[in-house]
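This report refers to the structure that appears directly beneath it.
The values are calculated or read from the model by the stated rules, or taken from the named source; none is laboratory data. Since this is a predicted model, take the numbers as computed values, not measurements. Please note: Cβ atoms are built from the backbone with ideal geometry, for glycine as well, and neighbour counts cover all protein chains shown.
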């Protein structure tokens, strides 16, 4: 029995996959040079550069989960994400990694549902984030588990994981938590988030049945699961901004750049590009 089924191998013969590897390496190198110029210590230079590269890669991977039919929409977010790194600093790559796997639980893009091992590991990972007062991650985890337990071909055990997530978040908020509603969010950030939200809603509504196959190539990606993943990511981005405030935006801005990239490419295809599909899952 395989311990993990959510992982997705990178096809090294497929150009967009090769491109993201190259871009990631360039970002790591460029990020390291940037922090050397900024006068950081060597240890931090390596860590920051590596974190920047991983953030770009995870942004690409998350984009692929919510928009499997369009390879290059995942690259549109990159300049905005890199700008965010220069403005806000390095984002929380642990939250990005966690959300990537929550989305994979929903989309089942690998062709499989999560194993028991993965369900437990990612529940514990999310529970740890909640323990260090990242309650939005816990809410997103609850949403992902409940969605996977209710959508087509449901994995019923995830309903229990979802309920457990809700209870854990409620207990932690009651014991030591509080939310910083819109604290220190600037006007331009609110306006930008509002524009991206309004722009992304038609993407969710307009997402039809995907043509991309899951990794096993046994069936196409499920449209309802893709739309559910899009909605979860949007609500998570909003929740970090509304419930956590400036800090939530500062450490999780890639969620907004991903939404911006996917929606921007969607509108480009809709109004300017005639070919219906440019990629695969």
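Within region 123-171, the set of residues being touching a helix residue (DSSP H, G or I) at 6+ places or on another chain (Cβ under 7 Å), part of a helix (DSSP H, G or I) and without any contact (Cβ under 8 Å) to a residue 24 or more places away in the chain comprises 146, 159, 162.
The criterion of at least 2 residues that are closer than 27 Å to residue 115 by Cα is met, among helices (runs of 4 or more DSSP H) falling completely within region 1-89, by 42-66.
So that you can scan it fast, the table gives a plain yes or no per residue for (1) touching a strand residue (DSSP E or B) at 6+ places or on another chain (Cβ under 6 Å); (2) modelled with pLDDT of 95 or more; (3) farther than 15 Å from residue 186 by Cα:
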| position | (1), (2), (3) |
| --- | --- |
| 238 | no, yes, no |
| 242 | no, no, no |
| 246 | no, no, no |
| 250 | no, no, no |
| 255 | no, yes, yes |
| 263 | no, yes, yes |
| 269 | no, no, yes |
| 272 | no, no, yes |
| 275 | no, no, yes |
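Quick check: is even one residue across region 77-90 more than 24 Å from residue 181 (Cβ to Cβ) and touching a strand residue (DSSP E or B) at 6+ places or on another chain (Cβ under 9 Å)? No.
Checked against (1) exposed (fewer than 13 other Cβ atoms within 10 Å of the Cβ); (2) under 28 Å from residue 112 (Cβ atoms); (3) at pLDDT 95 or above, residue 191 passes all but a single condition, namely (2).
Take the conditions surrounded by fewer than 19 Cβ atoms within 10 Å (Cβ to Cβ), out of contact with any helix residue (DSSP H, G or I) (no Cβ under 7 Å at 6 or more places or on another chain) and more than 22 Å from residue 169 (Cβ to Cβ) and apply them to residue 247. Does it pass? Even if it seems obvious, please write down each step before you answer.
Values: surrounded by fewer than 19 Cβ atoms within 10 Å (Cβ to Cβ): yes; out of contact with any helix residue (DSSP H, G or I) (no Cβ under 7 Å at 6 or more places or on another chain): yes; more than 22 Å from residue 169 (Cβ to Cβ): no.
When the stated conditions are applied, residue 247 does not pass them.
Return yes or no: is residue 106 under 17 Å from the mean Cα position of the chain (by Cα), in a helix (DSSP H, G or I) and crowded, with 17+ Cβ neighbours inside 10 Å? When the stated conditions are applied, residue 106 passes them.
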